[in-house]
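I have placed the structure first, in the form of structure tokens, so that the comments after it can refer back to it.
The values are calculated or read from the model by the stated rules, or taken from the named source; none is laboratory data. Just so it is clear, the model here is predicted, and its values are computed rather than measured. Cβ placement follows ideal geometry from the backbone for every residue including glycine, while neighbour counts extend to all protein chains displayed. All accessible areas refer to the heavy atoms of the entire protein, side chains included, with ligands and DNA or RNA removed. Shrake-Rupley method; radii C 1.70, N 1.55, O 1.52, S 1.80 Å.
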Amino acid sequence: MKRIAVMTSGGDSPGMNAAIRAVVRTGMELGIEVFGIRQGYSGLMNGDYNLLTSVEVSGILQRGGTILQTARNEEFKTPAGQKKALRRLNEKGIEGLIVIGGNGSLTGALALSKQGFPTVGIPGSIDNDINGTDMSIGVDTALNTILDALDRLRDTATSHQRAFLIEVMGRNCGYLALMGSILGGAEVVVTPEREVKMEEVAAALEDAYVRGKTHAIAVIAEGAPFKVTQLQEFLSGKNVGFEIRLTILGHIQRGGSPTAFDRLLATRMGVKSVRVINAGESGVMVAQVGREMKTIPLQEAIDQIRPINESYYEMARFLSR
Ligand code: F6P
């Protein structure tokens, strides 16, 4: 291969820049020109491509977000949108495409590869909902941001003897909530994967109060069976001992400098993606499996949401006492 392109798509995640840098510099090593596509599938269809030189990816390793920008795009999901993209890729002489993004973005990558265009995916999403890889780029940084917030909120909760309801991101996946609750020492967690009733949350908070705790933390995933605001309203009609406060962490979780873990993961994935596309692989996603960097079919990556290791729920239950 002589010329490939790289793009970021869907929600940005910390470490995407490190992956772009690794793709460009691995391309240089293998004698492949790498073009950067701006704003995800919108730029792919509109021909917004620029050659990325070594200098352009210099100083971005530690930066959150994505220098290529990103977008969520509906048109690309249509056959007409995909034809438009393929025409642009051919016009520019691009022979292969690397897509960094979450489930929606990888679904787009699969569509292109099915039409015969060499395409490789890199999992980039803070949600850790992409199947087949232990971790996606940005998860570790987001989790550390969540822990920092939980630690701060506990300080003020303890001072006032309050309970905090904290909503974390993750779309339909409870990974960030469950890990955040275990590592941040929460009293109770609610995720999309498991049915928990509001009465159970109230009971856990009351139990913490009765046992003499000076604070209580409930971590609620954004995709939980009930909204954190509903929970707050429900609790306002009960007396669990603590005064209740609510914090929605929101997009704070998406920004920030990537951790060492995310820089390494993104770098390894970027290097691997160029090597495999150059070796003729297509319709695959780079995945970390144990200590290995492998490729798995894109179909497998998007077929289902990455399942949570069930044993963590049990751990969360007895460690919160
Ligand atoms: O997929 C990443 C994510 O941050 C989810 O956790 C969240 O549900 C969603 O994106 C938010 O999307 P947007 O940035 O478009 O509001």
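Assorted remarks:
- Counting DSSP beta bridges with both ends in the stretch 142-254, the antiparallel % (nearest 5): 0
- Between the amide H of E33 and those of R3, I4, distances stay under 5 Å, these residues lying 5 or more places away or on another chain, with hydrogens modeled in the peptide plane.
- Its relative contact order, with pairs defined as Cα atoms under 8 Å and 6+ residues apart, puts the stretch 142-254 at 39 percent.
- Excluding the site residues themselves, the longest part of the chain lacking any GluC sites (Glu not before Pro) in a DSSP loop with at most 14 other Cβ atoms within 10 Å is 75-194.
- A 1.4 Å probe run over the stretch 142-254, with the rest of the protein chains in place, finds 44 Å² accessible per residue.
- Cα-based shape type of the chain, given that a ≥ b ≥ c are square roots of the gyration tensor eigenvalues and the cut on a/c is 1.5: prolate
- Three-way shape call for the stretch 6-117 based on the alpha-carbon gyration tensor, with the a/c threshold at 1.5: oblate
- Amide hydrogen neighbours beyond the local backbone of L246, cut-off 5 Å, H modeled: L165
- Cross-link table K2/K294; K227/K272; K197/K294; K2/K84; K77/K272; K77/K294, entries beyond 29 Å C-alpha to C-alpha: K227/K272; K197/K294
- Taking a ≥ b ≥ c as the square roots of the eigenvalues of the alpha-carbon gyration tensor, the stretch 142-254 is classed oblate because a/c is 1.5 or more while a/b is no larger than b/c.
- Percent RCO, i.e. relative contact order, over the chain, from Cα pairs under 8 Å lying at least 6 residues apart: 24
- Accessible-area composition of the chain, carbon plus sulfur, in percent [1.4 Å probe]: 49
- Our coupling estimate for the stretch 295-300, obtained by passing each phi through the Karplus curve with A = 6.51, B = -1.76, C = 1.60 and θ = phi - 60°, is 10, 10, x, 4, 4, 5 Hz, Gly and Pro reported as x.
- Using the Karplus relation 6.51 cos²θ - 1.76 cosθ + 1.60 with θ = phi - 60°, the per-residue 3J(HN,Hα) values for the stretch 118-125 come to x, 9, 10, x, 10, x, x, 5 Hz, with x marking Gly and Pro.
- Nonlocal amide H pairs with I137, under 5 Å, H built at 1.01 Å: G124, S125
- Backbone geometry of the stretch 146-163 corresponds, through the Karplus equation with coefficients 6.51, -1.76 and 1.60 at θ = phi - 60°, to 3J(HN,Hα) couplings of 4, 5, 4, 5, 4, 4, 5, 5, 5, 4, 6, 4, 5, 4, 9, 6, 10, 10 Hz, x marking Gly and Pro.
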